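In what follows, a structure is listed as structure tokens, so that the remarks can point back to it.
The values are calculated or read from the model by the stated rules, or taken from the named source; none is laboratory data. Just so we're clear, the structure is a prediction, and the values are computed from it rather than from any experiment. Note that we place each Cβ from the backbone using ideal geometry, even for glycine, and neighbour counts take in every protein chain shown. SASA here: full protein model, heavy atoms, side chains in, ligands and nucleic acids out. Shrake-Rupley method; radii C 1.70, N 1.55, O 1.52, S 1.80 Å.
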Amino acid sequence: MLQEPAAVPTPTDNSSEIVPPGNGGATGSELSQLITTPLGTAEAAKAAFGSGVLVPQVAPEGFKLAEIVGVGMKDEPLRDLNFTYGSGDKTVTFSASRMPAAFPTDQFTQTKVGGADGLIFEQAEFTELFWVVDGIHYGVSGPISGDEAMKVAESVEP
């Protein structure tokens, strides 16, 4: 149910009354109840996310899997799954999410990942690749080439 906004004093109002926020006084940590959970293996990640998620079978060349984490609400299937690959101080991230990614698509080039429509933005030292399969939004981003990002993307399996 929507609440009426609290009265906010105007700059010319010299009152010193404390006006509670329109959200009932909830703080950021109360508004966001997302929990990040470390997951030890791809199998654990798939089980936590639920059926249908695809995970990469290869790491980007020169990178090693450093961490797998899931993000979601308590007692619900994960909303996001992130695989982080490291090489020195560089990281590449593979993500699977039930939430659509928000980015300026006009700067991206259309491509195909397997049979799915995708978008890629390749710069000299950073690439972002996004695609959707069965309502799950996937991405690969990091300091790798577009070809290397595509290798990771096309290696995904259930």
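Within the stretch 91-109, if we keep just the residues that are modelled with pLDDT under 95 and not polar (S, T, N, Q), the residue that is farthest from the chain's Cα centre (by Cα) turns out to be ASP106.
Of all the listed residues (GLY88, GLY118), the sole one being modelled with pLDDT of 95 or more, open to solvent by 60 Å² or more (accessible area, probe 1.4 Å) and not hydrophobic (A, V, I, L, M, F, W, C) is GLY88. Across the stretch 131-158, the number of residues qualifying as in a strand (DSSP E or B) and either closer than 24 Å to GLY88 by Cβ or open to solvent by less than 50 Å² (accessible area, probe 1.4 Å) (or both) comes to 9.
Residues of the stretch 29-83 that are of a type in the set (Val, Ile, Thr), part of a loop (DSSP other than H, G, I, E, B) and either open to solvent by 60 Å² or more (accessible area, probe 1.4 Å) or modelled with pLDDT under 95 (or both): THR41, VAL58. The residues in the stretch 110-130 that are under 13 Å from LYS151 (Cα atoms) and in a loop (DSSP other than H, G, I, E, B) can be counted, and the count is 1.
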